[in-house]
Amino acid sequence: MLDYQTLLEKTCQHVEPLSHQGEVATYIPALAEQKKGQFAIALQTTDGKVYSAGEVSNKFTVQSVSKALTLTMALQRYGDDLWQRVGKEPSGTAFNSLTQLEFEQGKPRNPFINAGAIVTADALYSRLSAPIHAVLEKFRAQSGNSNVVINRTVANSEYQHRYRNAAMAYLMKSFGNFDNDVEKVLWSYFNYCAIEVNVVELAKTFSYLSNKGVCLQSGEQVLSAKQTKQLNSLLFTSGLYDAAGDFAYRVGMPGKSGVSGTIIAVLPGQFTAAVWSPGLDSYGNSVAGIAALEYLAEHINH
Ligand code: GLN
């Protein structure tokens, strides 16, 4: 049997030098305060066991990893109708690119770039009476920690510096692909990004992705087995934006990254992993995080 605990500890040692590399995100001032040189990794296997190593209790905001959960919640409510408003193709452009959105008449390429997640947030806003509360509660139920909270400083900081995201949302509105008040939807989107967890909570939140759609904490069938496979396929092709091909080549697992330096990765039928290390590469993905998942993948011989 594979000794995951030893493997995670070795992964920590392996990536320690890399955790000092890259740059922390500065376009959200509250994130600029994160210190480099930190690293944590956790995984939950489909039999429910949890393994972790590094700075496991440190909290960080989920940022774009929230997009995988908000997409899940939108698929629960709209099914395939959601794809009338957002595409399924890799973008090949940065997560906050505006140019493609103009060329493609306000329909974002996929739900993992910012425009795609904002239109998904708009769809959720139409169906939920208290959307921020609903998404937070989902994180709480699936992470197994009812004390998960939203980091208000980060949410406010993102809202104050929302220029690019607001430009995308208003552009979509001008093309008729936006139903609700732009500012209210943006506020909900920033709150989803500002949900604060540690790596263990994050791996647990996404356990359903490796477990045919069933969350190991809540026992809920979050998505059908078929939808789970579809979501994993989209994560594989688009979860790391314009670096998705490189991540697929190096790691070979569906994944989703966020600018706080976190990444989740899914090995269907085996485990969901989460890593965190704030130093980012030029694509906005964690340098040590990707290296850690690459090392993990190499040593499990999948
Ligand atoms: N909250 C961030 C933003 O909207 C999320 C981006 C990311 O994590 N890549 O810009």
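Only one of the listed residues (Arg152, Arg164) is charged (D, E, K, R) and away from the ligand (no atom under 11 Å from the Cβ). That residue is Arg152. Entry remark, the stretch 276-302: residues being more than 18 Å from Asn58 (Cβ to Cβ) and among the β-branched types (Val, Ile, Thr) number 2 in total.
Among residues of the stretch 139-164 that are under 24 Å from Leu223 (Cα atoms), those with a Cβ under 6 angstrom from a residue that is assigned to a helix (DSSP H, G or I) and aromatic (Phe, Trp, Tyr), sequence gap 6+ or separate chain, pair up as Val148/Phe139. You will find that of Val200, Val185, the residue that is within 16 Å of the ligand (Cβ to nearest atom) and of a type in the set (A, V, I, L, M) is Val185 and no other.
Yes or no, residue by residue, for (1) acidic (Asp, Glu); (2) crowded, with 24+ Cβ neighbours inside 10 Å:
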| residue | (1), (2) |
| --- | --- |
| Glu9 | yes, no |
| Gly22 | no, no |
| Ile41 | no, yes |
| Gln44 | no, yes |
| Asp47 | yes, no |
| Val50 | no, no |
| Val65 | no, yes |
| Leu75 | no, no |
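Annotation: of all residues in the stretch 221-245 being within 16 Å of the ligand (Cβ to nearest atom) and either more than 23 Å from Asp81 (Cβ to Cβ) or of a type in the set (Lys, Arg) (or both), the one that is most open to solvent (accessible area, probe 1.4 Å) is Asp242.
Ser129 satisfies every condition listed in (1) assigned to a helix (DSSP H, G or I); (2) within 28 Å of Val222 (Cα to Cα) except (1). Among the residues of the stretch 89-100, are any within 13 Å of the ligand (Cβ to nearest atom), under 14 Å from the mean Cα position of the chain (by Cα) and not hydroxyl-bearing (Ser, Thr, Tyr)? Looking through the stretch 89-100, at least one residue is within 13 Å of the ligand (Cβ to nearest atom), under 14 Å from the mean Cα position of the chain (by Cα) and not hydroxyl-bearing (Ser, Thr, Tyr). Only residues that are farther than 18 Å from Ile263 by Cα and not in a helix (DSSP H, G or I) were counted in the stretch 212-243, giving 13. The set of residues from the stretch 193-223 being among the small types (Gly, Ala, Ser) and touching a Leu at 6+ places or on another chain (Cβ under 7 Å) comprises Ala203, Ser207, Ser210, Gly213. Restricting attention to the stretch 167-182, the residues that are in a loop (DSSP other than H, G, I, E, B) and either within 12 Å of the ligand (Cβ to nearest atom) or not hydrophobic (A, V, I, L, M, F, W, C) (or both) total 5.
Hey, among Asn147, Asn165, which residue is surrounded by 14 or more Cβ atoms within 10 Å (Cβ to Cβ) and over 20 Å from Tyr78 (Cα atoms)? Of Asn147, Asn165, the one residue that is surrounded by 14 or more Cβ atoms within 10 Å (Cβ to Cβ) and over 20 Å from Tyr78 (Cα atoms) is Asn165. With respect to the conditions (1) buried (at least 21 other Cβ atoms within 10 Å of the Cβ); (2) within 21 Å of Val275 (Cα to Cα), Arg85 lacks only one, and its number is (2). If you go through the stretch 270-292 one residue at a time, do you hit one that is in contact with a helix residue (DSSP H, G or I) (Cβ under 9 Å, 6 or more places away or on another chain), farther than 22 Å from Asn110 by Cα and at pLDDT below 95? No.
Condition first: under 25 Å from Leu234 (Cα atoms), open to solvent by less than 20 Å² (accessible area, probe 1.4 Å) and within 12 Å of the ligand (Cβ to nearest atom). Can you find one or more residues in the stretch 120-132 that meet it? Yes: the stretch 120-132 contains one or more residues that are under 25 Å from Leu234 (Cα atoms), open to solvent by less than 20 Å² (accessible area, probe 1.4 Å) and within 12 Å of the ligand (Cβ to nearest atom).
The values are calculated or read from the model by the stated rules, or taken from the named source; none is laboratory data. Everything quoted here is computed from the prediction, not taken from an experiment. Note that each Cβ is placed from the backbone with ideal geometry, even for glycine, and that neighbours are counted across all protein chains shown. The area values use the complete protein model at the heavy-atom level, side chains included, leaving out ligands, DNA and RNA. Shrake-Rupley method; radii C 1.70, N 1.55, O 1.52, S 1.80 Å.
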